[in-house]
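A.B. asks: Dropping the structure in here first, questions after.
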Amino acid sequence: MGVRTWIGSWPVYRQLTGRDPLGRGAAAKSARSQRLTSRTSTADKAVKSVCPYCAVGCAQNVYVEGGKVTQIEGDPDSPVSRGRLCPKGSASLQLTTGQARKYQVLYRRPHGTDWEPLALDTAMDMIADRVIAARRTGWQWEDDGVRTRRTLGFASLGGATLDNEENYLIKKLFTALGAVQIENQARV
């Protein structure tokens, strides 16, 4: 490669001598960068979604290829986030494809030190039994002569990843069970 060819391939030279004086287009591209393709170019479809991490509700485009999520990016059409995601939202692809994700119920017995796998049906039965027992032992028909019909045996603390509809249903469920300590913690 001659000196003239080498200088001609230099981005600053192309910027000063070409039609891209700000260096935002062709002047900034190298042969390698022209061969690169977008991670989303091979996706079968893009699905609209919302980031699950906080109550802001940043919109996401979820790219799917062959039935698997391949990339998650901010949705530029969103009036909330205008295509931007925070570091947690940018890393939300790991929720679906991360190697550390567990696909089974893990249970640690009282005073135990290790987690053990548990069948989902068994875990759901254990939760139901504990809710019924806590409701039965903590039920208050009245307090100081005032009718209360409530239980202080359990509470609900939701997370910011729940949307309004999920919070509404959780509130209705726990109210029907007699709980009075219900909070969703969806604050920014």
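Values in this text are rule-based calculations from the coordinates and carry no lab data. This structure is a prediction, so every number in the text was calculated from the model and none was measured. As a convention, Cβ positions derive from the backbone with ideal geometry for all residues, glycine included, and neighbour counts pool all protein chains shown.
A.B. asks: Go ahead and estimate [θ] at 222 nm for the chain from helices alone: -39,500 (n - 2.57) per DSSP H run with n ≥ 4, summed, over the residue count, rounded to 500.
C.D. replies: -8500 deg cm²/dmol
A.B. asks: Each residue of the range 102-114 in order: what ³J(HN,Hα) in whole Hz does its phi give by Karplus 6.51 cos²θ - 1.76 cosθ + 1.60, θ = phi - 60°, with x for Gly and Pro?
C.D. replies: 9, 10, 9, 6, 10, 10, 10, 5, x, 6, x, 10, 10
A.B. asks: Provide the net charge surrounding Leu118, with neighbours chosen by a C-beta distance below 12 Å and charges set as Lys +1, Arg +1, Asp -1, Glu -1.
C.D. replies: Around Leu118, the surrounding residues sum to 0.
A.B. asks: Among the Cys residues of the chain, which have no other cysteine Cβ under 4.7 angstrom away?
C.D. replies: Here Cys54, Cys86 come out as lacking a disulfide-compatible partner, given the Cβ-Cβ threshold of under 4.7 Å.
A.B. asks: Then there is this: Tally Lys and Arg at +1 and Asp and Glu at -1 over the other residues with C-beta under 14 Å from the C-beta of Gln181: what net charge comes out? Please report the intermediate quantities before stating the final value.
C.D. replies: On the way: positive: Arg135, Arg150, Lys171; negative: Glu183.
Overall, the nearby charge balance is +2.
A.B. asks: Taking 31 Å as the cut-off for C-alpha to C-alpha distance, list the pairs among Lys68/Lys171; Lys68/Lys88; Lys45/Lys88; Lys45/Lys171 that go past it. Mind showing how you got there, number by number?
C.D. replies: On the way: Lys68/Lys171 33 Å; Lys68/Lys88 21 Å; Lys45/Lys88 23 Å; Lys45/Lys171 35 Å.
Where the Cα-Cα span goes over 31 Å, the pairs concerned are Lys68/Lys171; Lys45/Lys171.
A.B. asks: Helix 120-138: angle to the longest alpha-carbon principal axis of the chain, degrees 0 to 90, nearest 10?
C.D. replies: 50 degrees
A.B. asks: Net charge near Leu95: determine it from the other residues with C-beta under 11 Å of the C-beta of Leu95, scoring Lys and Arg +1 and Asp and Glu -1.
C.D. replies: +2
A.B. asks: I would also like to ask the following. Through the Karplus equation 6.51 cos²θ - 1.76 cosθ + 1.60, θ set to phi - 60°, convert the phi angles of the range 57-68 into ³J(HN,Hα) values in whole Hz; use x for Gly and Pro.
C.D. replies: x, 5, 7, 10, 9, 9, 9, 10, 9, x, x, 10
A.B. asks: Under the rule a/c < 1.5 gives rounded, and otherwise a/b versus b/c splits prolate from oblate, where does the chain land using the Cα gyration tensor?
C.D. replies: It comes out prolate by the Cα gyration axes.
A.B. asks: As I understand it, the value is the acute angle between the Cα axis of helix 164-176 and the longest principal axis of the Cα atoms of the chain; what does it come to in degrees, rounded to 10?
C.D. replies: The helix 164-176 is inclined about 10 degrees to the chain.
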